[in-house]
Amino acid sequence: MIRSLYTAISGMTTQQAEENVISNNMANADTNGFKGDNLQIGSFKNVLLANSSDIENGVNVRHTIGSLSLGSQIDASNTDFTQGDIVSSDSDTDFAIDGRGFFTVSQDNGAASQNYYTRDGHFHVNMQGYLMDENGDYVMGKNVNTGNVEKINIGNGKLTSDEYGNLSVNGKPAYSLAMVDFNNYNSLKKIGSNLYSGTNPIQNANVTVQQKALESSNINVDNEMVNMMNTMRNFESDQKVVSAVDETLQEAVNDVGKV
């Protein structure tokens, strides 16, 4: 009976975690370039049940009863990197990646800076003329004159781009967007603010972009609502099992114990 309680509670725990993931997906349905998450739920390793109640020749004999699962667990959290819809905008500093790839941004952490990766191309120019993302991180690009990858500075100039992210300022070639790709997207880790960390990025990847456009999230709100309702029903079912087991245990303690 205690095992059934553990099984039901483990189910509630995983369902609660799944509700949190679905809620986060729905909250970011309007976030540019956001990629939805989903949980991979499996079961604990089965345990083998046996007893030794039978006696043969004065010795207890072990008999296998069968196997039992002790409930569900979260095996992994996966990100769905399918393409979101590309929507036109009126800003020269908006970019949308069409297909694979990521923009590179640099985040200053006091004494040092760290590169991260994003699909959100909603950029703007700050007071110093640098191209920034919504978090205030610097958009990185390769300077066509020096060959160095650095923070893109366009000053007050007119920014234009071709489909490969080659940027011109006032009609003069200046930078190429530092776009990267990864062989295995499962190695990427979400760090918040629509950014990813990853190792061994493929530099100078053949990434296609559209200027004056943004990639929408790949969240289907209708599907997420259905998933939420199913998850809540499963949670309620496990909750009822816990209540039933609890009542049975109370009867065992209060009534059977009196006999």
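The values are calculated or read from the model by the stated rules, or taken from the named source; none is laboratory data. Predicted, not measured: the structure shown is a model, and the values here were computed from it. We place every Cβ from the backbone using ideal geometry, glycine too, and count neighbours over all the protein chains shown.
Restricted to strands (runs of 3 or more DSSP E) entirely inside segment 143-259, those with at least 3 residues that are in contact with a Phe, Trp or Tyr (Cβ under 9 Å, 6 or more places away or on another chain) and over 25 Å from Ser91 (Cβ atoms) are 189-192.
Residues satisfying the criterion are absent from segment 185-192 (criterion: over 32 Å from the mean Cα position of the chain (by Cα), surrounded by 17 or more Cβ atoms within 10 Å (Cβ to Cβ) and closer than 30 Å to Lys35 by Cα). Based on this model, can you work out whether Ile22 counts as of a type in the set (A, V, I, L, M), at pLDDT below 80 and in contact with a Ser or Thr (Cβ under 8 Å, 6 or more places away or on another chain)? In short, no.
Every residue, every condition in (1) in the same structural domain as Thr14 (by TED's automatic domain parsing); (2) at pLDDT below 95, yes or no:
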| residue | (1), (2) |
| --- | --- |
| Gly71 | yes, yes |
| Asp92 | no, no |
| Gln107 | no, yes |
| Ser113 | no, yes |
| Tyr117 | no, no |
| Phe123 | no, no |
| Met140 | no, no |
| Asn143 | no, no |
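Residue-by-condition table, conditions (1) within 30 Å of Thr13 (Cβ to Cβ); (2) hydroxyl-bearing (Ser, Thr, Tyr); (3) surrounded by 17 or more Cβ atoms within 10 Å (Cβ to Cβ); (4) in contact with a helix residue (DSSP H, G or I) (Cβ under 9 Å, 6 or more places away or on another chain):
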{"position": "Lys158", "(1), (2), (3), (4)": "no, no, no, no"}
{"position": "Met179", "(1), (2), (3), (4)": "no, no, yes, no"}
{"position": "Asn194", "(1), (2), (3), (4)": "yes, no, yes, no"}
{"position": "Ala205", "(1), (2), (3), (4)": "no, no, no, no"}
{"position": "Met232", "(1), (2), (3), (4)": "yes, no, no, yes"}
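Within segment 75-93, residues that are at negative phi sit with their Cβ atoms under 8 Å from residues that are among the aromatic types (Phe, Trp, Tyr) and surrounded by 12 or more Cβ atoms within 10 Å (Cβ to Cβ), at 6+ positions apart or across chains, in these pairs: Thr79/Tyr185; Phe81/Tyr185; Gly84/Phe34; Thr93/Phe123. The residues of segment 246-255 that are surrounded by 11 or more Cβ atoms within 10 Å (Cβ to Cβ) and at pLDDT 70 or above amount to a single one, Thr248. None of Glu215, Glu163, Glu150 is within 26 Å of Asn24 (Cα to Cα) and touching a strand residue (DSSP E or B) at 6+ places or on another chain (Cβ under 9 Å) except Glu215.
Rundown of residues vs (1) modelled with pLDDT of 95 or more; (2) surrounded by 18 or more Cβ atoms within 10 Å (Cβ to Cβ); (3) in contact with a Gly (Cβ under 6 Å, 6 or more places away or on another chain), yes/no style:
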position	(1), (2), (3)
Lys151	yes, yes, no
Ser168	yes, no, no
Ser176	yes, yes, yes
Ala244	no, no, no
